[in-house]
Amino acid sequence: MKSKTYWSAQRDYERKKIEQIPGSKIEISGNYEIMSYPAERKGNKIYIIIAFRGKAGKPFHNYYYTKENRFFEALEKLKKSGIEEIERKEQKRKENKGKLSSHANVAKIIRQKLKHKYPAVKFTVRSESFSGGNAVSINWENGPTVDQIENIVNVYQYGYFNGMEDVYEYSHKKSIDENGKIVDMPGVKYVQTNRNITDEIYNKLIERIKKDFAIENDQQAWEKLQTDLRTFAYRIIQKVSLIDITIQDLLKLDNIYNLEQNNIYNK
């Protein structure tokens, strides 16, 4: 499959080549760049038109004509279409001015809900569209757990991907609008969450674990167990809402391990 860079280079090459042909024309008509020139084929005169849309590198029109009148008809038709296309784009832009796309609207709703629920936490909420769907991603530091956030935002996901059958299954919820009508809730195909624990908090928990396992000053033991203990620290902190409890209060608890302490200790 040829890349966009390849086709862009091809367009530049065609333009430079055609500019050198006597009788050639390169015209911009609305959203089209139209290149036309005379040539010969099997001793007969022909007329060639190559047209590109917008910034595309690959031509959408590349034909030759044996009759001059057909050539001029096609040329005028392309010029008219190029102008009409850019007028339609401008009209659509005006109609959509101030309106959000469906995925951007979902991101806005989620952003508002999270700000209302957790005003002290900074959330980064972004939306995107792609071939086959759209998504909203949510990122934040420390603060609430992933479960707490997903309890709020998962209602805006249309469904889920069924890996067993390789199919996306829709199970989107309904809501009632201000007129009492049952309507589809705004949503996207995927809602993705990502919680980042800062190094400061993570390292404090590591130090508590090292102390509890009596390896605070035992470098050899730490080197042997550090992978397990770091994983253990991650599992602990991901379950803890740093809205409901501070890291200082967490470290004061007698047992922050539940039944997992023995599993790590016995390795």
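The values are calculated or read from the model by the stated rules, or taken from the named source; none is laboratory data. Nothing here was measured: the structure is a model prediction, and the numbers come from that model. Methodologically, a virtual Cβ is constructed for each residue, glycine included, from the backbone with ideal geometry; neighbour enumeration extends over all protein chains shown.
Scan the stretch 165-172 and give yes if some residue there is farther than 15 Å from Gly187 by Cβ, out of contact with any Asp or Glu (no Cβ under 7 Å at 6 or more places or on another chain) and not acidic (Asp, Glu), otherwise no. Yes; the residues of the stretch 165-172 include at least one that is farther than 15 Å from Gly187 by Cβ, out of contact with any Asp or Glu (no Cβ under 7 Å at 6 or more places or on another chain) and not acidic (Asp, Glu).
The residues of the stretch 140-166 that are over 30 Å from Ile236 (Cα atoms) and within 20 Å of the chain's Cα centre (by Cα) amount to a single one, Tyr158. Taken across the stretch 187-207, residues that are over 19 Å from the mean Cα position of the chain (by Cα), among the basic types (Lys, Arg) and at pLDDT 85 or above do occur, with at least one present. Applying the set (1) small (Gly, Ala, Ser); (2) out of contact with any Ser or Thr (no Cβ under 8 Å at 6 or more places or on another chain); (3) not in a strand (DSSP E or B) to Ala107 leaves exactly one unmet item: (2). When Ser8, Ser24 are screened for being among the hydroxyl-bearing types (Ser, Thr, Tyr) and at pLDDT below 85, only Ser8 passes. Checked against the criteria, Ala74 does not count as exposed (fewer than 14 other Cβ atoms within 10 Å of the Cβ) and among the aliphatic types (A, V, I, L, M).
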